[in-house]
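The values are calculated or read from the model by the stated rules, or taken from the named source; none is laboratory data. Everything quoted here is computed from the prediction, not taken from an experiment. Note that we place each Cβ from the backbone using ideal geometry, even for glycine, and neighbour counts take in every protein chain shown.
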């Protein structure tokens, strides 16, 4: 099927605006390839340090003729999604040896869990952890003794940070190796109902704890369709996973076979062979457009609207909010996965999953079929799903019909005709709203502003009965410069209760919501942020505000121009739990519209 002209136009605009930056980036990759891995040029002392602990691989490494894989791992056993990675290095080393290569753990990167830090001071490090992950991965790969890299990571900031590092070392092939979701536990709608009852004082903490533990119950990714699982979808749509790898449960023979196959594939696409597929060539404008298409078709996490521009910039590509809006207008919503429906990712996978979805998008011309991937054959390879036959890994054609149309639908019969994300703009700035779970009659809210400077202040107003009526709840000074742009997921139960009481409720913030944000309309990532003098800093209680997802409008129905901006005391966010170490990040961070990164080079041309 020819590429849809709307998708072609967006891609052309991205390619044209990125041309100077992308050219310099590709030139850098070419120079790095020409130089080759430096282990061949190390003196004996350097090599002895690099290979001292490699045991049976030592002689092969010293010869320098066989490809060597660098493993960058986000393993820890506090994150359920990353617990399975404990055994991956052993599996990868064994697979590499069988294939005639070697593998070493190049280094580890931090991996924090937003589910643990929600509403706590540690959440103010969450977004900046993405940049810290990219920096840590760069240190790991800086030894320059690798021919390809395997990246082990799943969750919210981890995958975007690892992609930024993979792009920076764009001359190296990069294969991302997932861990898979935990098996289904307590249904997400039941868990959400207990959270709402607890917010109203109608459930005990013991009841809340029992529900949470029944939902998050074992190794693997959380099963709702938040940022972690949206990341996994992206890695397939962008050609960095093996086909069908995203949602295979951990601790299964198929999961182990896919991990071994990832190592074998990485060895096959190094510059030492005849099929060099470096990360910088995979991560072109087609890959990022395909990823955004997948984001819209599945109603994925709003966090990726923040992360994708940062990931793209690391590869010399410039994404703008208008690109997301244009793609959303062209792509139908094909999936209903919690919080956009009752199903979890295991149910989505069983209904046909990404293989059905990608086949539909290809047939409709909504994705670039010719995008470079780590496996070849463009995106068509990702319509095939893995299976084991007599213990050997094979790929077979995936389903061409949905096995449950309450979860997954074809392009011709979608849940809604446009994607689940809308770009908003007006005199309050630029923002994004996720609409895939918001009822149509809630997609336009006009109500008085109720202005707060923290989640706790909103909670206090709720407990005291001061939030009992129609309101646009404004939580400002939550942007990256103010306090690191924490997620405000703790507000979801409160706002849901108010909406269920019949009030017209919306949220407007320069902070983030969880990737699992749902049925309450929320204009998030407002830019410029209040701490940078943005219009939110001039808003007052009672000002009439319109949030209209149907027309893309976010406006205060009053004149803000003559007002002095609020100047709150933000010193409490400057220290404690490591926040004092991130002052440089808060001072250097760019706007949300450019990815809110503190480490990427400026967009201006060099003098």
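Do we find a residue being surrounded by fewer than 24 Cβ atoms within 10 Å (Cβ to Cβ), touching a residue at least 40 places away in the same chain (Cβ under 8 Å) and either part of a strand (DSSP E or B) or not assigned by TED's automatic domain parsing to the domain that holds residue 125 (or both) anywhere in the stretch 503-512?
Yes, the stretch 503-512 contains a residue that is surrounded by fewer than 24 Cβ atoms within 10 Å (Cβ to Cβ), touching a residue at least 40 places away in the same chain (Cβ under 8 Å) and either part of a strand (DSSP E or B) or not assigned by TED's automatic domain parsing to the domain that holds residue 125 (or both).
Just to be sure before I move on: is residue 283 surrounded by fewer than 23 Cβ atoms within 10 Å (Cβ to Cβ), over 21 Å from residue 359 (Cβ atoms) and either modelled with pLDDT under 95 or under 22 Å from the mean Cα position of the chain (by Cα) (or both) in the structure I sent?
Here the answer is no, as residue 283 does not meet what is asked.
Please state which one of 209, 182 is surrounded by fewer than 21 Cβ atoms within 10 Å (Cβ to Cβ) and farther than 30 Å from residue 31 by Cβ.
Just one listed residue meets the conditions, 209.
Is it fair to say residue 359 is surrounded by fewer than 24 Cβ atoms within 10 Å (Cβ to Cβ) and without any contact (Cβ under 8 Å) to a residue 60 or more places away in the chain?
yes
Just to verify a result, which residue in the stretch 393-424, among those that are under 24 Å from the mean Cα position of the chain (by Cα) and part of a strand (DSSP E or B), is surrounded by the fewest Cβ atoms within 10 Å (Cβ to Cβ)?
Per the criteria, the residue is 416.
Tell me, please, whether a residue that is over 20 Å from the mean Cα position of the chain (by Cα), over 22 Å from residue 339 (Cβ atoms) and not in a loop (DSSP other than H, G, I, E, B) can be found in the stretch 203-219.
Within the stretch 203-219, one or more residues are over 20 Å from the mean Cα position of the chain (by Cα), over 22 Å from residue 339 (Cβ atoms) and not in a loop (DSSP other than H, G, I, E, B).
Counting only residues that are in contact with a helix residue (DSSP H, G or I) (Cβ under 9 Å, 6 or more places away or on another chain) and either closer than 21 Å to residue 450 by Cβ or in contact (Cβ under 8 Å) with a residue 24 or more places away in the chain (or both), how many does the stretch 550-569 have?
Summing the residues that are in contact with a helix residue (DSSP H, G or I) (Cβ under 9 Å, 6 or more places away or on another chain) and either closer than 21 Å to residue 450 by Cβ or in contact (Cβ under 8 Å) with a residue 24 or more places away in the chain (or both) in the stretch 550-569 gives 10.
If you check residue 227 against the conditions, is it crowded, with 24+ Cβ neighbours inside 10 Å, within 22 Å of residue 77 (Cα to Cα), at pLDDT below 95 and touching a strand residue (DSSP E or B) at 6+ places or on another chain (Cβ under 7 Å)? Give the steps one after another, and end with the answer.
On the way: crowded, with 24+ Cβ neighbours inside 10 Å: yes; within 22 Å of residue 77 (Cα to Cα): yes; at pLDDT below 95: yes; touching a strand residue (DSSP E or B) at 6+ places or on another chain (Cβ under 7 Å): no.
When the stated conditions are applied, residue 227 does not pass them.
So in the stretch 301-320, with the set limited to residues that are in contact with a strand residue (DSSP E or B) (Cβ under 9 Å, 6 or more places away or on another chain) and outside any helix (DSSP H, G or I), which one is surrounded by the most Cβ atoms within 10 Å (Cβ to Cβ)?
Among those residues, the one meeting the criterion is 301.
Going by the structure shown, is residue 583 modelled with pLDDT of 95 or more, outside the structural domain of residue 113 (by TED's automatic domain parsing), more than 28 Å from residue 328 (Cα to Cα) and surrounded by fewer than 18 Cβ atoms within 10 Å (Cβ to Cβ)?
no
(1) within 22 Å of residue 260 (Cα to Cα); (2) in contact with a strand residue (DSSP E or B) (Cβ under 8 Å, 6 or more places away or on another chain): which one isn't true of residue 356, the others all being true?
So the condition that residue 356 fails would be (1).
What are the residues in the stretch 425-464 that are in a strand (DSSP E or B) and closer than 22 Å to residue 486 by Cβ, if any?
Matches in the stretch 425-464: 429, 430, 431, 432, 433, 434, 449, 450, 451, 452.
State the number of residues belonging to the stretch 150-186 that are in contact with a helix residue (DSSP H, G or I) (Cβ under 8 Å, 6 or more places away or on another chain) and either in a loop (DSSP other than H, G, I, E, B) or without any contact (Cβ under 8 Å) to a residue 24 or more places away in the chain (or both).
Number of matching residues: 17.
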